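Remarks on the structure that follows.
The values are calculated or read from the model by the stated rules, or taken from the named source; none is laboratory data. These numbers come from a predicted model, not from an experiment. FYI the Cβ positions are ideal-geometry reconstructions off the backbone, even for glycines, and counts take in every protein chain you see. The accessibility values were calculated without ligands, DNA or RNA, using every heavy atom of the protein model including side chains. Shrake-Rupley method; radii C 1.70, N 1.55, O 1.52, S 1.80 Å.
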Amino acid sequence: MSDTRKKRMSMLDSLAAAGTPGGAGAPMMASNRALRSARDAVDSHRVWELDPGQIDDNRTRDRLDPSDVVDLRDAIEANGQTVPILVRRNPEQDGRYLLVYGRRRLEAIRGSDKVTKVRALVASLDERDAMTAQISENMARRDLSFIEKALFARELVDTGFGNQSQVAEVLTVTKSSISMALTVAELIGRDLALAIGAAHGIGRPRWEAMARAIEENRADRDELARIAEDVHTQAQVAMVRGEAAPEDASVAAFEAVMKHLTPSPARSASAKTPVAAKPRRQALVVDGRKAGVLKRTAKGLAIDLDDPRFADWIESEAQAVIAELHARWKTRAED
């Protein structure tokens with residue numbers, strides 16, 4: 001391998017390490033087929049200096065707060081852009097490029113009065129290869145929170161990138177994990193998630209608990225979003241005044257929403273008359289999309305299906321389906 005090819009491949013390896021403490025992403029990139037394909041597709045054996053206005057970013061959004069680039073802008077102005085971004089030529093417009101990854105570096109330079117050109121590697125990739133490279137680079141960084149990954153997976157399915165199995169494969173997680181993440185994203189909704197924020201440190205179990213609480217209480221997600229936004233506003237006001245503010249306002253917003261969804265013990269204990277338990281509701285999801293609702297009451301179990309054709313089929317096959325499920329239950333019960 002020539003020295004020039006080694007040099008440009010090394011620069012691409014460093015792309016995955018950008019933003020990763022200790023450069024931990026570089027070894028991962030070397031073993032990742034998608035990023036290795038992107039690396040091998042780089043042409044012209046050079047780093048280009050492009051006008052940021054030539055680059056369009058039409059990619060699936062993967063972060064809840066991609067605008068937080070002030071520190072990166074200051075670093076680039078002080079030390080220069082050490083790590084190039086990766087782009088591909090726009091097949092529909094000569095002289096224009098589509099971003100593959102490096103959004104924060106691109107946005108930092110766009111917001112700079114001192115740096116006018118962005119250093120970029122140009123790769124020959126089609127849309128699917130570019131998307132796969134973007135996803136793999138995100139996973140190499142390992143800095144997306146659970147809800148960001150869940151919304152990212154939801155958007156990949158919705159935009160036709162692939163089914164649950166295909167998305168699970170490219171995100172290197174199990175299909176069951178993707179199914180659960182899609183359900184959480186569906187029940188919480190993008191607007192509420194955006195209002196709360198990334199909430200690093202809040203893992204899957206607590207997001208699942210919020211999703212269940214929203215479903216069971218039939219909560220108004222617009223009202224919950226306003227609660228979250230108020231927390232962010234109060235945190236910003238406190239910072240301006242020099243007062244104590246939450247270390248992570250998005251975590252504080254999550255906690256405020258959960259507190260609103262959870263009845264206080266004192267209020268529950270003060271009830272003098274027994275209150276009938278609310279029916280338990282569970283969203284039914286098929287291929288990442290809500291297919292209906294299962295409701296359990298004291299009197300029995302009800303299933304409400306969204307697709308009338310599927311409901312007709314279930315009705316016609318009800319005896320066979322219930323017999324099969326009963327046999328499976330009986331076998332498990334005996335085990």
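Below, the figures for the structure above:
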{"item": "Conditions (1) at pLDDT below 85; (2) open to solvent by less than 70 Å² (accessible area, probe 1.4 Å); (3) not in a loop (DSSP other than H, G, I, E, B): number failed by Ser250", "result": "(1)"}
{"item": "Among residues of the stretch 233-247, those that are crowded, with 17+ Cβ neighbours inside 10 Å and modelled with pLDDT of 90 or more, counted", "result": "1"}
{"item": "Criterion (acidic (Asp, Glu), under 30 Å from Ile188 (Cβ atoms) and modelled with pLDDT under 60) met by exactly one of Asp43, Asp71, Asp62", "result": "Asp62"}
{"item": "Scan of the stretch 159-197 for residues that are touching a residue at least 60 places away in the same chain (Cβ under 8 Å) and more than 13 Å from the chain's Cα centre (by Cα), ordered by number", "result": "Thr159, Phe161, Asn163, Gln164, Val170, Ser179, Leu187, Leu192, Ile196"}
{"item": "Hey, Val87 open to solvent by less than 40 Å² (accessible area, probe 1.4 Å), at pLDDT below 90, closer than 30 Å to Ser145 by Cα and touching a Leu at 6+ places or on another chain (Cβ under 7 Å) or not", "result": "yes"}
{"item": "So Ala193, is it over 21 Å from Arg289 (Cβ atoms) and surrounded by 14 or more Cβ atoms within 10 Å (Cβ to Cβ)", "result": "no"}
{"item": "Residue within the stretch 323-332 that is out of contact with any Gly (no Cβ under 8 Å at 6 or more places or on another chain), surrounded by 10 or more Cβ atoms within 10 Å (Cβ to Cβ) and not in a helix (DSSP H, G or I) present", "result": "no"}
